[in-house]
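Accompanying notes for the structure given below.
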Amino acid sequence: MLGLASDVFESYSAGTEIKSSINQDMAELLRITLKQLMDFVMTMMVYTQGIGTLIASGIVKDTKENMYRMLHNTGMTYLKGLGVKDSTLCDLS
């Protein structure tokens, strides 16, 4: 099992200032636990890396828009499975 400690990552606000509480803020916004948030982030990183590998190897050929839509839909489905409210998911879309 792949696992990375959340404290390994530094979170940035607009790419310029360190904001160590961004993970907790996001978990509270989504009304999920910090562990659920970190699992979601790691899953999406692995999924994105996999798609990137398939594209780079020429196995998958599609438009950037379709790839973005696939990633977006996967993330929304995952969050919905965690119990994130539809109204919150709508705000994210």
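Kindly indicate the residue of region 40-93 that is part of a loop (DSSP other than H, G, I, E, B) and more than 21 Å from Asn23 (Cβ to Cβ) and also nearest to the chain's Cα centre (by Cα) among those meeting that condition. Lay out the reasoning, then the answer.
Initial filter on region 40-93 (part of a loop (DSSP other than H, G, I, E, B)): 57-63, 82-85, 93.
Adding the requirement that they be more than 21 Å from Asn23 (Cβ to Cβ) leaves 57-63, 93.
Numbers: Ser57: 23, Gly58: 24, Ile59: 24, Val60: 21, Lys61: 23, Asp62: 21, Thr63: 21, Ser93: 13 Å.
Ranking the qualifying residues of region 40-93, first place goes to Ser93.
Could you grab me the full set of residues in region 76-92 that are within 17 Å of Met44 (Cβ to Cβ) and either among the aliphatic types (A, V, I, L, M) or free of Cβ contacts under 8 Å to residues at least 12 places away in the same chain (or both)?
Met76, Thr77, Leu79, Lys80, Gly81, Leu82, Val84, Leu89, Leu92
Applying the selection to region 64-89, what residues are among the hydroxyl-bearing types (Ser, Thr, Tyr), more than 15 Å from Gln49 (Cα to Cα) and open to solvent by 80 Å² or more (accessible area, probe 1.4 Å)?
Taking region 64-89 first, the residues among the hydroxyl-bearing types (Ser, Thr, Tyr) are 68, 74, 77-78, 87-88.
Remaining after also requiring more than 15 Å from Gln49 (Cα to Cα): 77-78, 87-88.
Of everything in region 64-89, just one residue is among the hydroxyl-bearing types (Ser, Thr, Tyr), more than 15 Å from Gln49 (Cα to Cα) and open to solvent by 80 Å² or more (accessible area, probe 1.4 Å), namely Thr77.
Scan region 17-35 and tell me whether some residue there is surrounded by 14 or more Cβ atoms within 10 Å (Cβ to Cβ), more than 18 Å from Thr88 (Cβ to Cβ) and at pLDDT below 90.
no
Could you grab me the full set of residues in region 44-61 that are in contact with a helix residue (DSSP H, G or I) (Cβ under 8 Å, 6 or more places away or on another chain) and more than 19 Å from Tyr78 (Cβ to Cβ)? Don't jump to the end; show me each part of the working.
Our first condition is that a residue be in contact with a helix residue (DSSP H, G or I) (Cβ under 8 Å, 6 or more places away or on another chain); within region 44-61, this holds for 44, 47-48, 51, 55, 60-61.
Listed by number, the residues that qualify are Ile55, Val60, Lys61.
Residue by residue through region 47-63, note down the ones that are of a type in the set (A, V, I, L, M, F, W, C) and either surrounded by fewer than 11 Cβ atoms within 10 Å (Cβ to Cβ) or free of Cβ contacts under 8 Å to residues at least 12 places away in the same chain (or both). Please lay out each step first, then the result.
Just the residues of region 47-63 that are of a type in the set (A, V, I, L, M, F, W, C), to begin with: 51, 54-56, 59-60.
Result: Leu54, Ala56, Ile59, Val60.
The values are calculated or read from the model by the stated rules, or taken from the named source; none is laboratory data. Note that the structure is predicted; figures quoted are calculated from it, not measured. Cβ atoms come from the backbone with ideal geometry, glycine included; neighbour counts cover every protein chain shown. The area values use the complete protein model at the heavy-atom level, side chains included, leaving out ligands, DNA and RNA. Shrake-Rupley method; radii C 1.70, N 1.55, O 1.52, S 1.80 Å.
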